[in-house]
Amino acid sequence: MRESRLMVIQYATALIAVVLVSFHLLMQGVLVSYSTAISYQQILSIYGNALYAGFLEVLLIVVLVHGFNGVRIILHELRQAVAWAKWVDVGTVAAIVLSVAYGTRTIVLAVFGVQS
Amino acid sequence: MTRDISLRVQRFDPSKDRKPADKEYRVPWRQGMTVLDALLYARDYQDHSIALRFSCRQASCGSCAMKVNGRARLACYTQVDELGSDSIVVRPMDNFEIVKDLVTDLGSFFEKHKQVTPHLVRADDSEQDNPTGEYVMKPEALEEILQFTYCIKCGICTSSCPTVATDAKFPGPQALAQAYRYLADERDEGGDLRVSALDDVHGVWRCHFAGTCSALCPKGVDPAMGIQLLRRHVLAGKGPRGPGEGAKEFARSGTGTGSEST
Amino acid sequence: MGQQESKAEKNRRGVAGWLNPIHLNVERWGYVFQRVTGLAILAYVIGHLGDTSFFVGGPFGTGPSQSSWTGISAIVENSFGHLILVLLVLVLVFHGTNGVRLVLAELGLIIGRPSAIEYPYRPKSLGRLQKYLFWAAVVFALLGALWTGMILFG
């Protein structure tokens, strides 16, 4: 992918993340009190709301894509060997896929999993 | 009132020394003394072996760029009194290989400049090989590029750039600002080639607007502005004008009074 | 020339070259903080993925588990954990606000236009608007951290 396309993604995820993370923070202690926000029952009811579960999924993807792309940029600046460049790109994609997968697993299990 | 300046100069001769070390010289201060004056005094009267570059002594040539008290500056353009200290530490510019003492190898710097095709490109080569007149360029169009033409290639911006500190393939602020200078020049028709060359993992996108290049440029070029304006064109994937859309030639008539060709 | 090149000292500053902004302009400090806070936030997010997964029983869980959630809460819900959250808000708000400043600057929107320049040279790209946005990022970050501290420790 051209570097300009990756930077458009970086800029877009940055601006989207500002909005989504702000809302996420407000939900953790301002719009809802902190002790309520971190309680088991509150979280369970949040995952029962499909819109909010969707919001969390989008937040997850946006933040991780932005973060790992940022690390990719720092690593590309650090060394310029051909093998290093290739493994940085591969590692970035792997890190994004694995972390998004793990976070998505949490959301999916919270919504559809068997309560114990 | 006279006083002595403490001038600590980094000395390093790769043919003899294992690593750089500072050497101190005491230089008698005088009104209006520049760092270059102090260095030349030390060289002329105390240690003839100090290696440094200088030429015009008036901030026109860019030869005497070096690090003075932690920031890259032109030695001829830096008054001792403006440093606010009688203790001056002089080092070679960062991120360029040291040839000896304060002299650095600017070969890679000039190579990166060449890589951005720092001359006008026209779709029709014959215009440049067999010109019939000058190109028309309005004053407003000149203002778009004028400040970027003031670059004296001293290397201060590139030396101070945080990306250059680790990324050997990054063109640096000087080359990128000159790339914008030619891209924005309404006589140039090579925009598409210029932007595609810079749309690279080590190209224009590795600038993060730290701004030190513009803060330290002794000629007011403001390379950071040029680079951010360049990004839009790289993002668009094409230059501001295509082949045949550049400023036209001002064809001279036989009587010596010109007439516009378009 | 080749011999001289091979003997010349390599003078590239490396990571210290971008990590150290001493003696330099305020935008350079912004650049360093943006990088450092970005890395800190990513480190936190990775940990956060881990601790939130205990809501569903951890890496090997199968669904919502009150006992698992209570267990992880006991580990992270304490003064040290809350201090981490205060610092997190500090770095998050700075990174986000400064990030907006960078997006605007890098798209050429708040850096001025080229013009004929006169001595003393003051680069337009380092003008007041983007400087105000940088200081706004600092102030908002401090206010956000203060507010979070009041919520968690008040």
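Hydrodynamic radius of chain C by the Kirkwood approach over all distinct alpha-carbon pairs: 19.3 Å. Projected label points at A:Phe55 and B:Tyr150, each 7 Å from Cα along the beta carbon direction, are separated by 5.1 nanometres. Sparse packing (at most 15 other Cβ atoms within 10 Å of the Cβ) combined with a DSSP loop state is found for the following trypsin sites (Lys or Arg not before Pro) in segment B:1-40: B:Arg3, B:Lys16, B:Arg18, B:Arg30. Among the cysteines of chain B, those whose beta-carbon sits 4.7 Å or more from every other cysteine beta-carbon are B:Cys64, B:Cys76, B:Cys151, B:Cys154, B:Cys161, B:Cys207, B:Cys217.
Between C:His23 and A:Ser39, the distance separating the two model label sites (each 7 Å from Cα on the Cα→Cβ line) works out to 5.8 nm. Here the simple spin-label model places points 7 Å from the Cα toward Cβ, and for C:Asp51 and B:Ser55 these points are separated by 6.1 nm.
A cut-off of 5 Å between modelled amide H atoms, ignoring neighbours fewer than 5 places along the same chain, links B:Asp22 with B:Arg11. Cβ crowding within 10 Å ranks B:Tyr135, B:Tyr25 as B:Tyr135, B:Tyr25, fewest other Cβ atoms first.
FRET efficiency for the B:Glu245 to A:Leu15 pair, using the beta carbon distance and R₀ = 45 Å, is estimated at 0.85. With viscosity 1.002 mPa s and temperature 20 °C, the Kirkwood radius over alpha carbon pairs of chain A converts through Stokes-Einstein to a diffusion coefficient of 134 µm²/s. With contacts taken as Cα pairs under 8 Å and at least 6 residues apart, chain A reaches a relative contact order of 30 percent. Its relative contact order, with pairs defined as Cα atoms under 8 Å and 6+ residues apart, puts chain C at 24 percent. Projecting the Cα atoms of B:Gln178, A:Leu26, B:Trp29 onto the dipole axis of the protein assembly as shown, where Lys and Arg carry +1 and Asp and Glu carry -1 at the beta carbon, places B:Trp29 farthest toward the positive end.
Among C:Lys10/C:Lys124; B:Lys23/B:Lys67; B:Lys112/B:Lys238, which pairs are too far apart, with a Cα-Cα distance over 23 Å? The pairs that break the limit, which is 23 Å between Cα atoms, are C:Lys10/C:Lys124. Computed about the Cα centre, the dipole magnitude for the protein assembly as shown is approximately 940 debye when only Lys and Arg (+1) and Asp and Glu (-1) carry charge, each at its Cβ.
For a paramagnetic label modelled on A:Met1 (point 7 Å from Cα along Cα→Cβ), amide N atoms under 17 Å away belong, within segment A:82-101, to A:86-101.
When only Cα pairs below 8 angstrom with a gap of at least 6 residues are kept, chain B shows a relative contact order of 18 percent.
Normalising the Debye intensity of segment B:107-253 to I(0), with uniform scatterers on Cα atoms only, and taking log10 at q = 0.17, 0.18 Å⁻¹ returns -0.92, -1.01. Inside 10 Å of the C-beta atoms of A:100-107, what's the mean count of C-beta atoms belonging to other chains? Mean number of neighbouring Cβ atoms from other chains: 4. Kirkwood-type hydrodynamic radius, the protein assembly as shown: 26.4 Å, calculated from all non-identical alpha-carbon pairs.
Laboratory data are not the source of any read-out in this text; all were calculated from the coordinates shown. Just so we're clear, the structure is a prediction, and the values are computed from it rather than from any experiment. No Cβ is skipped: glycine too gets one built from the backbone with ideal geometry, and neighbour counts run over all protein chains shown.
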